[in-house]
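The structure appears right after this line, and notes come after that.
Just so it is clear, none of the values below were taken in a lab; they were calculated from the coordinates. Here the structure is a predicted model, which is why all the values come from computation and not from measurement. Using ideal geometry, Cβ is built from the backbone for each residue, glycine included, and neighbour counts are taken over all protein chains shown.
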């Protein structure tokens with residue numbers, strides 16, 4: 001009887017340790033993805049960059065987009081604002097796009113179309129729609145909050161010579177963007193080197209790759225990234241230049257007034 005009680009206690013302790021280890025692992029994975037998200041989308045207090053976008057179809061035909069992007073963080077990891085002013089080509093010139101990112105609810109998005117002098121709200125349901133015809137979605141531009149998914153560290157490896165964690169993420173609620181995302185997170189910079197997106201059948205649907213990472217003002221920054229649509233055999237390149245952090249961008253800029261009248265002090 002005494003041995004049986006001892007064995008029962010050992011098994012109970014082992015079970016509790018397993019549960020604690022599982023909880024700890026989940027917390028570690030969530031904390032890792034939080035830090036990665038902050039490194040990727042919240043560098044500095046604000047940011048400014050020139051952006052060249054190239055959309056390349058399976059035949060090699062290219063479409064070009066050129067724009068200025070501004071970002072302001074109202075709270076680290078929380079509310080955030082984006083402003084994008086398109087300069088080329090002529091069919092999108094002077095168009096503006098604005099996001100009010102809400103960490104506790106749906107983001108608010110607007111597009112100003114100068115040809116018809118119309119400010120158009122973008123529904124929260126459209127977050128997985130293509131961003132100006134590219135392979136990036138609206139949500140890819142401003143980022144999906146880490147708290148919307150459950151995360152598991154499934155291993156580690158090397159990618160392009162760098163040590164990385166391999167993390168699998170699954171949406172907590174029904175979501176059209178992906179069923180599973182596998183991220184390769186740099187152990188030092190915490191930036192994603194690659195993200196693989198899978199549908200409910202386990203089929204690979206798109207791939208984000210950090211083609212080039214540089215230090216800008218002491219901050220590790222992805223300056224060239226691609227998004228590949230596997231089914232369409234199409235890829236979009238996004239290349240950032242003239243990057244500045246902690247510019248002092250004011251909150252008042254992110255209003256409907258500036259959608260129609262862009263802040264030319266930031267447009268080059």
### Virtual spin-label span in nm between residue 211 and residue 61, 7 Å along Cα→Cβ
2.0
### Query
By per-residue mean of other Cβ atoms within 10 Å, what is the highest-first order of 104-113, 163-172?
163-172, 104-113
### Square roots of five times the Cα gyration tensor eigenvalues for segment 69-127, Å
24, 14, 7
### Summary
Under the helix-only model (-39500 (n - 2.57) for each DSSP H run of 4 or more, divided by the residues of the chain), the mean residue ellipticity at 222 nm, to 500 deg cm²/dmol, is -6000 deg cm²/dmol
### Task
Give me Rg over Rh for segment 134-241, both radii from the alpha carbons and Rh done the Kirkwood way, two decimal places.
0.95
### Task
Quote the relative contact order of the chain in percent (integer), defining contacts as alpha-carbon pairs under 8 Å separated by 6+ residues.
19
### Query
Taking N as the number of residues in the chain, what is its alpha-carbon radius of gyration divided by 2.2 N^0.38 Å?
1.16
### Message
How large is the translational diffusion coefficient of segment 27-76 in µm² per second when you combine the Kirkwood radius over alpha carbon pairs with Stokes-Einstein at 37 °C and 0.692 mPa s?
### Response
241
### Task
Quick one, can you get me the convex hull of the C-alpha atoms of segment 183-268 expressed as volume per residue in Å³?
166
### Query
Which order, highest average first, do 76-89, 245-258 follow once you tally other Cβ atoms within 10 Å for each residue and take the mean per peptide?
76-89, 245-258
#### Entry: Linear extension gain, residue 231 paired with residue 123, 0.36 nm per residue minus alpha-carbon span
36.3 nm
### Task
Determine the principal axes of the Cα atoms in segment 37-182, then give the extent along each, sorted from largest to smallest and rounded to whole angstroms.
50, 40, 32
#### Entry: segment 233-268-segment 117-154 distance, computed between alpha-carbon centres (Å)
18
### Message
So for each of 150-156, 175-181, 47-53 I average, over its residues, the number of other beta carbons within 10 Å; can you give me the resulting order with the highest mean first?
### Response
47-53, 175-181, 150-156
### Message
Can you give me the distance in nm between label points at residue 88 and residue 239, each placed 7 Å from the Cα along the Cα-to-Cβ direction?
### Response
1.1
